[in-house]
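This report refers to the structure that appears directly beneath it.
The values are calculated or read from the model by the stated rules, or taken from the named source; none is laboratory data. Everything numeric in this text was worked out from a predicted model, so none of it was measured. Quick reminder, even Gly has a Cβ in these numbers, built from the backbone with ideal geometry, and neighbours come from all protein chains shown.
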Amino acid sequence: MLDKIIEEVEEQCREERVPMLGPDKAKLLASCIEKAKPSLIVECGTAIGYSGLWISRVLQTIGSGKLITVEIEDANAERARANFESAGVSELVDSRIGDAAEVLKTIEEPVDFLFLDNNKDGYFPCFQAVESRLTNPATIVADNVSRVDQMADYLNHVRTNYESETHWFESWRRRRGSGDGEGQRERRRDGMEVTIYRR
C-alpha cells in the first residue's frame, strides 16, 4: 500500500507541479536515513507528503524512529496528512503547520536527522533554530543546493565547519510558457548537500 501511495503522490506532484524530490533524490535521502538510523527526523517543507512517505518507508524498514514534518500551507499539510493516513504510516508522522524556523524552536527532543526542503533562504534560520537539539553527530540533508544565492549563508556555514558533500542530479523538465503545446524540455542540474554535524 505504501509504495502505491508514493506512486500516486508522485503523479499528483507532476500533474500539479507541486515541488518534490523525485525518485533519484528520494533514494539518496533514504540511504542517508538507513545509514544514520535516527530516532527523530525533522523535515522542513512537507508539501503534500512525497518525501515524508519515503522517509516513513525507511523508518518502517529499520523498525524505529519517527518524523516531525513542518508545512507552512494549511491545505498542503492536510493533503499530506491524508496521504500518510492512506499509506498507513500516520503513527510515525507528527505533522505540524507553521513557519518552520519558528516551529523548530518548540521541539524539545534530540534531533538526529534534519531534512531541509522549505524556502531556500530559510535553511540557515531552521538550522540555527534546532542546532541546540542536534545530536552529536547528526545528519543534515539540504535539497536544491544549486540555488546557491538563496542559501549562501547556510552552505558557507556547513561547508566551512562540518564534513559536507554535494551530490548532483540531472533531470529534464518542461519549460513553462513555451507556447508550443508540448513545451520545450530543458536539462536541469540540481544537488543535495549531505552534512555530518558534530559539535
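Miscellaneous remarks
- The single residue among Glu73, Glu91 that is closer than 15 Å to Thr46 by Cα and surrounded by fewer than 17 Cβ atoms within 10 Å (Cβ to Cβ) turns out to be Glu73.
- Out of Ala36, Ala82, Ala26, Ala75, one residue alone is at pLDDT 95 or above and touching a helix residue (DSSP H, G or I) at 6+ places or on another chain (Cβ under 8 Å). It is Ala26.
- Only one entry in Ala152, Ala138, Ala129, Ala100 is closer than 28 Å to Arg14 by Cβ and aliphatic (A, V, I, L, M), namely Ala100.
- The selection criterion, being in contact (Cβ under 8 Å) with a residue 60 or more places away in the chain and of a type outside the set (A, V, I, L, M), does not hold for Ser90.
- Cross-chain or 6+ apart pairs with Cβ under 8 Å, region 116-131 first and over 17 Å from Glu73 (Cβ atoms), then basic (Lys, Arg): Ala129/Lys105; Val130/Lys105
- In region 42-61, the residue that is farthest from Ile5 (Cα to Cα) out of those that are buried (at least 23 other Cβ atoms within 10 Å of the Cβ) and among the hydroxyl-bearing types (Ser, Thr, Tyr) is Thr46.
- Filter result for Asp3 (in a strand (DSSP E or B) and surrounded by fewer than 18 Cβ atoms within 10 Å (Cβ to Cβ)): no
- In the set Ser39, Ser64, only one residue is in contact (Cβ under 8 Å) with a residue 60 or more places away in the chain and surrounded by fewer than 22 Cβ atoms within 10 Å (Cβ to Cβ); that residue is Ser39.
- Listed conditions (1) within 26 Å of Ser31 (Cβ to Cβ); (2) at pLDDT below 95; (3) exposed (fewer than 14 other Cβ atoms within 10 Å of the Cβ) are all met by Arg147, apart from (3).
- Whichever residue in region 106-138 is in a strand (DSSP E or B) and closer than 12 Å to Ser39 by Cα and, among such residues, is nearest to the chain's Cα centre (by Cα): Leu114
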